[in-house]
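What follows draws every value from the coordinates through simple rules; no lab data is involved. What you are looking at is a predicted structure, and each value in this text was computed from that prediction instead of being measured. Counting neighbours? That spans all protein chains shown, and the Cβs are built from the backbone with ideal geometry, glycine included.
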Amino acid sequence: MNYRAVRAIYLFEMARTWRTLLQSIVSPVVSTSLYFVVFGAAIGSRISQVEGVSYGTFIVPGLIMLSVLTQSIANASFGIYFPKFTGTIYEILSAPISYFEIVLGYVGAAATKSIILGLIILATAGLFVPLHIHHPVWMLAFLVLTAVTFSLFGFIIGIWADGFEKLQMIPMLVVTPLTFLGGSFYSIDMLPSAWRTVALLNPVVYLISGFRWSFYEIADVSVSVSVGMTTAFLMICLVLIWWIFRTGYRLKN
Amino acid sequence: MSSIISVANLSKTYGSGFKALNNVNLDIKPGEIFALLGPNGAGKTTLISIICGIANPSEGKVLVGGENIQTSYRKARSLIGLVPQELHTDAFESVWATVSFSRGLFGKPKNPAHIEKVLKDLSLWDKKDSKIITLSGGMKRRVMIAKALSHEPQILFLDEPTAGVDVELRKGMWEVVRTLQQSGVTIILTTHYIEEAEEMADRIGVINKGEIVLVEDKATLMQKLGKKRLTLHLQGKLDALPESLGHYELDLCDGGATLVYDYDTKGERTGITSLLGDLRTAGIRFNDLDTTQSSLEDIFVDLVRAS
């Protein structure tokens, strides 16, 4: 194991976060605060409670997941795409480092940033609404699992993309709609039964449901199903990355 | 002496069907400067990319320091430093950070003293805290060399190292390369500048259309293929060569004002003595004479045309 190489990639990526602090941390926190103002205060005042929890408090896990999902993908996809774009990927490919170590460095850094961001948003939410986390260990477990899984997904997008347009396409056209429709701002029990069935095809529902359960012990689907679905998506991402490196897809001629 | 790099039956066909390398065999000796010459698209960069792990071979085997580049890639790659043709740099990083990053990638512990030495050797020390985006093209090229040297490689690949670099800086880089060779580093360089190969290389390989056309010691190559030309500036113009000189391969040039005689330096007899005697007998006098030797560039062009 080339630990020093993993560390070099990890620290290099983390250094980019501190260099672009406004874009990496401050901007998502401001966006989330605006969600609280709009959804929590303006709309929430017209909705009394959801399953015994005030609306403002109810949307906290969904808002955190929204940021963690999008930032994990953005961080990891940009992290591997940028060396491809600038050509500095030659250095990674010619170094004595395994594919696993490359993924560990890039995905580790992307997931770390997302987790830090998620915790900052959680702290920010505490300024707006009263919070109580029933299962903090499960909350952290869901946060880490989601950050890692979607960082892996972002890594795949970064390898696949051959232009900045493609880099934005999946997050903008697929992930954001799925997140909004995945119960960030509502319980899918509030949907008509037909739409509820459709909603269950959305993998993000399971992430948000499990994460919300760790906060308030309320869930749209059972926790074991949430864990199982997230783990299944993680495994799919791992298999895809294994295939990318085995074939050299978009990395090696 | 065993090879530090051994390429055997290496072929590369891209997905488009283009065959970039065709059954290439090549051995690089430890400590030498090997210049790989070839026209654009000859396969130079593909060959380097495969040896360094950037491209996958279609067939064949490559050993670096006795280690297979595919089955023992960690050991093989740790011996190599690569300076690619294009200026690929992290624009927003400082010189110090990017060179240190390269050392870390190769699994080496931090060694600020070594990084300092490399930067000083490459006249980059006063720019160590500058962002790469602020550097000139020549400085960026040196940063790339510094990155390649950061992990103390035994083999250094320089793919067109002085492309786009001014003459003064180019000579400075040649000095750096010579110093590296003296410290025991094996250097493989590709270049379009024939004078660069002529100036620096111990051995020269010529590649064309994905095949190695020739590998030879530079001096031997120059001697073996080098031709010399004797030019005689005549006192009076000639309309035609006399019959007595018909057995010499002479060209009457400049409207009959000069006689040009090409001869082979490897031959036992150049024929110059007898030519001068026969000229005198024929009553042809000359004011001046000069000789020129064909350059490596002439040899290279001849070889590529022949292949």
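Per-residue ellipticity at 222 nm computed for chain B from its helices equals -9500 deg cm²/dmol, with DSSP H segments shorter than 4 residues left out and the rest contributing -39,500 (n - 2.57).
Look at the dipole of the protein assembly as shown built from charges on Cβ: of B:ILE272, B:LEU189, A:VAL175, the Cα furthest out on the positive end belongs to A:VAL175.
State the Cα centre-to-centre distance between segment A:157-179 and segment B:167-237 in whole Å. So the two Cα centres are separated by 50 Å. Label reach from B:HIS114 (point 7 Å along Cα→C-beta): in segment A:51-95, amide nitrogens under 20 Å belong to A:91-95.
Along the axis of the charge dipole computed for segment A:1-150 (Cβ charges of +1 for Lys and Arg, -1 for Asp and Glu, origin at the Cα centre), the listed residues A:SER94, A:HIS135, A:ILE116 are led at the positive end by A:SER94.
Remark: segment B:98-103, residue by residue, has Karplus-estimated 3J(HN,Hα) of 6, 6, 5, 4, 4, 5 Hz, where x stands for each Gly or Pro and the curve is 6.51 cos²θ - 1.76 cosθ + 1.60 at θ = phi - 60°.
Taking θ as phi - 60° and the Karplus parameters 6.51, -1.76 and 1.60, the scalar couplings of segment A:136-148 work out to x, 5, 5, 4, 5, 4, 5, 4, 5, 4, 5, 4, 5 Hz in sequence order, x denoting glycine and proline. Within chain B, DSSP assigns beta bridges of which about 70% are antiparallel (rounded to the nearest 5). Computed from the C-beta positions of A:ASP189 and B:THR292 and an R0 of 60 Å, the FRET efficiency is 0.05 to the nearest 0.05. Between A:PHE100 and B:ASN23, the modelled labels are 4.0 nm apart [label points 7 Å from Cα along Cα→Cβ]. Once each part is reduced to its C-alpha centroid, what is the distance from segment B:1-72 to segment B:89-164 in angstrom? Distance between centres, Cα-based: 25 Å. Start at zero, step by 5 Å, and the Cα-Cα distances of segment B:208-248 spread as 5, 13, 13, 15, 10, 8, 10, 10, 10, 4, 0 percent across the bins. For chain B, the longest principal axis of the Cα atoms and the long axis of helix B:296-306 meet at an angle of about 90 degrees.
Over all distinct Cα-Cα pairs of segment A:52-194, the Kirkwood formula returns a hydrodynamic radius of 16.5 Å. Any of B:LYS120/B:LYS147; A:LYS84/A:LYS252; B:LYS29/B:LYS227; B:LYS29/B:LYS61 with alpha carbons more than 19 Å apart? Name them for me. In this structure, B:LYS29/B:LYS227 lie more than 19 Å apart at Cα.
Inter-chain Cβ neighbour count for A:212-219, averaged per residue, equals 0 (cutoff 10 Å, partner chain atoms only). The mean number of Cβ atoms from other chains found within 10 Å of a Cβ in peptide B:71-78 is 3, as a whole number. Put simply, the C-alpha atoms of segment B:21-106 give a gyration tensor, and the ellipsoid matching it has half-axes of 25, 17, 13 Å, longest first. Using the average count of surrounding beta-carbon atoms within 10 Å as a protection proxy, the listed peptides B:240-248, B:253-261, A:225-233 rank, highest first, as A:225-233, B:253-261, B:240-248.
Per residue, the convex hull around the alpha carbon atoms of the protein assembly as shown comes to 197 Å³.
Peptide B:269-276 has a mean shielding of 0, counted as Cβ atoms of other protein chains within 10 Å of each residue's Cβ.
Using +1 at the C-beta of Lys and Arg and -1 at the C-beta of Asp and Glu, which of B:PRO109, B:ILE69, B:ILE133 has the Cα lying farthest in the positive direction of the dipole of the protein assembly as shown? Going by the Cα projections, it comes out as B:PRO109.
Sorted fewest first by neighbouring Cβ atoms within 10 angstrom, B:GLU175, B:GLU59, B:GLU67 come out as B:GLU175, B:GLU59, B:GLU67. Remark: relative contact order (chain B) = 19 percent; criterion is Cα-Cα distance under 8 angstrom and separation of 6 or more residues.
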